[in-house]
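Provided herewith is a single structure, encoded as structure tokens, for subsequent inquiry.
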Amino acid sequence: MIKTDRLKAVIPVLDTSEPEREIKGRSLWQDAWRRLLQNKAAVVSMVLLGIIALMAIFAPWLSPYPYDEIYWDYIQSPPNWDTAHWFGTDSNGRDLFIRVLYGARVSLMVGFLATGVSLIIGVTYGAIAGYFGGRIDNLMMRFVDIMYSLPFMFFVILLMVVFGRNIFLIFIALGAVEWLTMARIVRGQTLSVKRKEYVEAAHAGGVSNFKIIMRHIIPNVLGPVIVYVTLTVPQVILTESFLSFLGLGVQEPLTSWGVLISEGAKLMEVAPWLLVYPAIFLAVTLFCFNFIGDGLRDALDPKDR
Amino acid sequence: MWHYFFRRLLTAIPTLLIVITIAFFMMRIAPGGPWDQERALPPEIEANILKAYDMDKPLVQQYFLYLGKVLTGDFGPSFKFKDFSVNDLLLNGFPASLQIGGIAILLALVVGTLLGSMAALRKNSATDYSVMTVAMTGIAIPNFVMAPILTLILGVYLSWLPVAGWGDGEFKYKILPILSLALPQVAYIARLTRGSMIEVLHSNYIRTARAKGLREHLVLLRHALKGAMLPVVSYLGPATAAVITGSVVIETIFDIPGVGRYFVQGALNRDYPLVMGTVIFYGMLIIMLNLLVDVIYGLLDPKVRLQD
């Protein structure tokens with residue numbers, strides 16, 4: 001708009017053409033977004049995930065019961081609409097519906113925060129290694145290779161056992177595990193982006209390395225990174241549930257899907273609802289993230305256009 | 001080839017050292033020790049126990065003592081399983097873990113590749129969609145959820161299979177753990193194979209093979225499958241690692257006398273030598289398997305020559 005206005009001011013002659021015929025440019029991201037919206041599975045997943053997230057956020061207002069209150073009259077009672085124990089109650093007589101929602105809070109929070117940690121470390125590390133190249137790259141990536149071959153889950157389990165179950169420790173530990181792949185992806189992309197003309201131009205213009213990485217490299221490697229993020233979040237949620245299942249996750253009375261599933265698994269013969277509801281929530285969430293990740297990959301990958 | 005192999009073997013040594021070091025110090029700076037009980041031990045006895053296990057020496061000295069012992073292949077005695085050395089426990093547990101994990105990986109590889117190829121060959125057909133739906137389910141339902149659900153259906157409701165335990169190692173006791181471990185990997189491998197198979201089927205050398213009149217099954221078996229297997233082979237490293245960590249949970253759920261169960265128990269009991277032993281053992285296993293995968297990859301893909 002501004003450009004044409006200026007042109008009009010400079011060359012009034014140009015103004016003869018009809019002003020309506022203006023072609024609105026579409027950015028790469030708008031393109032990708034339109035393609036994503038055509039993917040039914042991805043759209044349904046986004047809606048479902050949105051609902052689950054909203055339910056988690058507004059959990060206290062959705063049920064008449066608090067998550068840690070014990071109801072002695074309703075111990076391990078099956079789902080019942082009359083008493084508003086929609087998902088039944090657990091073996092301690094707590095309302096399962098609200099506990100599943102509080103579990104969603106913990107699981108989703110750990111998922112996003114740990115992914116955030118891995119995103120920050122991975123992108124910075126990968127961009128630096130790829131951008132500077134040479135010996136620095138070699139050294140940094142060799143380090144990643146070594147970290148890769150460590151039995152990380154065992155360290156995370158050890159960490160939990162050793163330092164007690166601490167929710168912040170969980171997401172830092174998980175983020176510290178997940179950044180490796182992120183760093184590799186970003187480095188690979190950076191290697192190709194840094195040969196582009198605009199980076200050369202920035203160099204010639206005397207822009208500092210830091211600024212080039214922040215303004216030119218990172219924004220242009222975001223495509224694959226976003227796809228990987230949507231696939232990391234379910235991975236982290238899964239790992240957190242795994243730890244909780246082993247009894248190493250968050251502490252009572254707080255809960256997460258993994259804790260609920262492990263409690264449910266112990267009682268599944270007498271009270272299957274304790275296993276079924278949290279398992280459904282976990283599975284649906286993982287489904288949704290995977291579908292969105294797939295959809296994003298298709299939308300951002302120009303090969304399949 | 002051999003040169004590459006040996007160089008990789010050499011880089012495995014520092015990696016293992018890092019594993020040992022991290023595990024050792026993490027376990028030791030933890031609050032609480034193996035002899036913390038409700039009733040405190042008399043100080044003289046505690047001092048004697050500490051002395052017997054060399055734990056009265058400075059930490060760094062203990063570290064080097066331990067390292068020396070590990071180099072000779074001795075993981076020391078277990079604190080909690082009295083009269084057993086860690087070596088005994090690992091050797092006793094490994095056959096069960098190996099059977100479960102090994103069969104699960106093989107099953108995942110065969111079934112996953114088969115399903116993935118079928119889906120790719122009939123792209124966008126009912127077969128494709130059903131295989132991919134099943135695969136998505138396998139990915140979205142983690143093994144610790146799959147295990148109780150399978151137990152509930154096959155063990156409790158239908159009572160076809162034993163719910164848990166090992167018996168005398170009869171096959172029927174192994175079916176549920178193997179299935180629970182294998183299903184998520186089947187799903188991943190099927191998806192991987194489908195993707196790469198579709199790409200390979202569009203490539204020039206497949207067109208050439210067809211153009212020179214090769215029969216379709218030969219084209220698929222001899223040419224397409226080899227190319228399509230590459231991503232699957234490189235996924236085998238992470239897959240075995242996933243199966244190994246997964247077996248920790250599966251062995252606990254099904255009460256299988258394997259190595260994974262010792263790890264969890266050992267960590268909770270602060271049984272230092274047992275935890276260290278399992279971590280080092282699994283670390284070695286994962287590193288070796290990764291090396292093996294890389295070598296196989298090099299043999300399959302002529303573009304990745306294993307020089308220098």
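The values are calculated or read from the model by the stated rules, or taken from the named source; none is laboratory data. This one's a predicted model, so the numbers in the text were calculated from it and none came from an experiment. Ideal geometry is used to build each Cβ from the backbone, glycine not excepted, and the neighbour counts take in all protein chains shown. In case anyone asks, the SASA skips ligands and DNA or RNA and just uses the protein heavy atoms, side chains included. Shrake-Rupley method; radii C 1.70, N 1.55, O 1.52, S 1.80 Å.
If you roll a 1.4 Å probe over the heavy atoms of the protein chains, what accessible area per residue do you get for the stretch B:37-141, in Å²? Provide the component values of the computation, followed by the final result.
On the way: 6170 Å² over 105 residues.
Normalised by residue count, the accessible surface of the stretch B:37-141 is 59 Å².
Using Cα-only point scatterers and the Debye equation, what is log10 of I(q)/I(0) for chain B at each q in 0.10, 0.12 Å⁻¹, rounded to two decimals?
-0.71, -0.94
Output the DSSP H helices from chain B with an along-axis C-alpha extent of no less than 20 Å and a mean Kyte-Doolittle hydropathy no less than 0.5.
For chain B, where a helix must reach 20 Å along its axis and average at least 0.5, the hits are B:2-28, B:86-121, B:126-140, B:171-201, B:225-254, B:272-300.
Specify the inter-centroid distance of the stretch B:187-210 and the stretch A:103-151, based on alpha-carbon positions, in whole Å.
The stretch B:187-210 and the stretch A:103-151 have Cα centres separated by 31 Å.
Can you pull out the buried accessible area for chains B and A, both sides counted, probe 1.4 Å, rounded to the nearest 100 Å²? All intermediate terms of the calculation are to be shown ahead of the outcome.
Details: alone 16970 and 17370 Å², together 30920 Å².
Counting both chains, the buried surface is close to 3400 Å².
Return the residues of the stretch B:206-245 for which accessible area with all protein chains present is lower than in the chain on its own by 10 Å² or more; set the probe to 1.4 Å and exclude ligands, DNA and RNA.
Flagged in the stretch B:206-245: B:245.
When the helix-only estimate is applied to the protein assembly as shown (DSSP H runs of n ≥ 4, each -39,500 (n - 2.57), divided by the residue count), what is the mean residue ellipticity at 222 nm, nearest 500 deg cm²/dmol? Intermediate values should be presented prior to the final figure.
Values: 24 runs with 425 residues, N = 613.
Here the helix-only value at 222 nm equals -23500 deg cm²/dmol.
Amide H to amide H under 5 Å from residue B:85: which residues, 5+ apart in sequence or cross-chain, H placed 1.01 Å off N in plane?
B:78
With springs only between Cα atoms under 10 Å apart, run a GNM on chain B and tell me which of B:96, B:135, B:12 wobbles the most.
Comparing B:96, B:135, B:12 in the GNM, the peak value goes to B:12.
In addition: Of the trypsin sites (Lys or Arg not before Pro) in the stretch B:98-195, which ones lie in a loop per DSSP and count no more than 16 other C-beta atoms within 10 Å?
Numbers: sites: B:122, B:123, B:172, B:174, B:191, B:194; in loops: B:122, B:123.
Sparse-neighbourhood loop trypsin sites (Lys or Arg not before Pro): B:122, B:123.
Rounded to the nearest percent, how much of the accessible area of chain B (1.4 Å probe, protein heavy atoms only) is carbon and sulfur? All intermediate terms of the calculation are to be shown ahead of the outcome.
On the way: 9990 of 15290 Å².
It is 65 percent, rounded to a whole number.
Rg/Rh for the stretch B:153-308 to two decimals, with Rh computed the Kirkwood way over all alpha-carbon pairs.
Expressed as Rg/Rh, it is 1.11.
Moving on. May I ask you to give the average projected area over all directions of the convex hull of the Cα atoms of the stretch A:132-261, in nm² rounded to one decimal? Please report the intermediate quantities before stating the final value.
Values: hull surface 38.2 nm².
If I average the Cα hull's projected area over directions, I get 9.6 nm².
Something else now. On alpha carbon coordinates alone, what is the Rg over Rh value for the protein assembly as shown, Rh being the Kirkwood radius? Please report the intermediate quantities before stating the final value.
Values: Rg = 27.5 Å, Rh = 27.3 Å.
Dividing the radius of gyration by the Kirkwood radius yields 1.01.
Hey, if you drop one equal point scatterer on each alpha-carbon of chain A and run the Debye formula without solvent, what base-10 log of I(q)/I(0) do you get at q = 0.09, 0.11, 0.12, 0.15 Å⁻¹?
-0.61, -0.81, -0.91, -1.18
Count, for each residue of B:134-142, the Cβ atoms from other chains sitting within 10 Å of its Cβ, then give me the mean as a whole number. Mind dumping the intermediate values first?
Working: counts 0, 0, 6, 3, 0, 6, 12, 7, 13.
Partner-chain Cβ atoms within 10 Å, mean over residues of B:134-142: 5.
When the accessible area of chain A is computed with all protein chains present and a 1.4 Å probe, what percentage of it is carbon and sulfur?
Details: 9970 of 15640 Å².
Here it works out to 64 percent.
Using the heavy atoms of the protein chains alone and a 1.4 angstrom probe, what is the accessible area of the stretch B:191-261 per residue in square angstrom? Each step should come with its number before you reach the end.
Numbers: 3150 Å² over 71 residues.
On a per-residue basis, the stretch B:191-261 sits at 44 Å².
Considering only A:26, A:195, A:142, give the residue with the highest GNM mean-square fluctuation for chain A, with springs between Cα atoms whenever their separation is below 10 Å.
A:26
In peptide A:238-245, how many Cβ atoms from other protein chains are near each Cβ within 10 Å, on average?
Values: counts 8, 2, 0, 3, 7, 1, 1, 9.
What the average comes to for A:238-245 is 4.
For the stretch A:56-69, just list the computed ³J(HN,Hα) in residue order, Karplus coefficients 6.51, -1.76 and 1.60, θ = phi - 60°, integers in Hz, with x standing in for Gly and Pro.
Per-residue couplings from phi come out as 5, 5, 9, 3, x, 8, 8, 10, x, 10, x, 7, 10, 7 Hz.
If we sort B:209-217, B:181-189 on the protection proxy, mean other Cβ atoms within 10 Å, highest first, what's the order?
With the highest mean Cβ count within 10 Å placed first, the list reads B:181-189, B:209-217.
Now, a different point. In Å³ and rounded to a whole number, note down the convex hull volume per residue for the Cα atoms of the stretch A:190-305.
On the way: hull volume 16.1 nm³, N = 116.
Hull volume normalised by residue count: 139 Å³.
Among A:156, A:177, A:207, which one shows the biggest mean-square fluctuation in a GNM of chain A, springs joining Cα atoms closer than 10 Å?
A:207
Please name which of A:188, A:203, A:167 has its Cα lying farthest along the dipole of the stretch A:132-220 towards the positive end, using unit charges on Cβ (Lys, Arg +1; Asp, Glu -1) and the Cα centre as origin.
My answer, from the dipole projection, is A:203.
Let me ask something else. Could you work out how far helix A:273-300 tilts from the main Cα principal axis of chain A, as a 0 to 90 degree angle to the nearest 10?
10 degrees
Determine the per residue accessible area of the stretch A:217-305 with all protein chains present and a 1.4 angstrom probe, expressed in square angstrom. Intermediate values should be presented prior to the final figure.
Working: 3080 Å² over 89 residues.
About 35 Å² of surface per residue is accessible.
Per residue of A:219-232, count partner chain C-beta atoms within 10 Å of its C-beta, then hand back the mean as an integer. Mind dumping the intermediate values first?
Numbers: counts 0, 0, 0, 0, 0, 0, 0, 0, 0, 0, 0, 0, 0, 0.
The per-residue average across the peptide is 0.
I'd like the residues of the stretch A:253-275 whose 1.4 Å-probe accessible area shrinks by no less than 20 Å² going from the isolated chain to the full set of protein chains.
A:261, A:268, A:269, A:272, A:275
Just to confirm my numbers, what's the Cα centroid distance between the stretch B:237-255 and the stretch A:240-305 in Å?
Between the Cα centres of the stretch B:237-255 and the stretch A:240-305 lies a distance of 18 Å.
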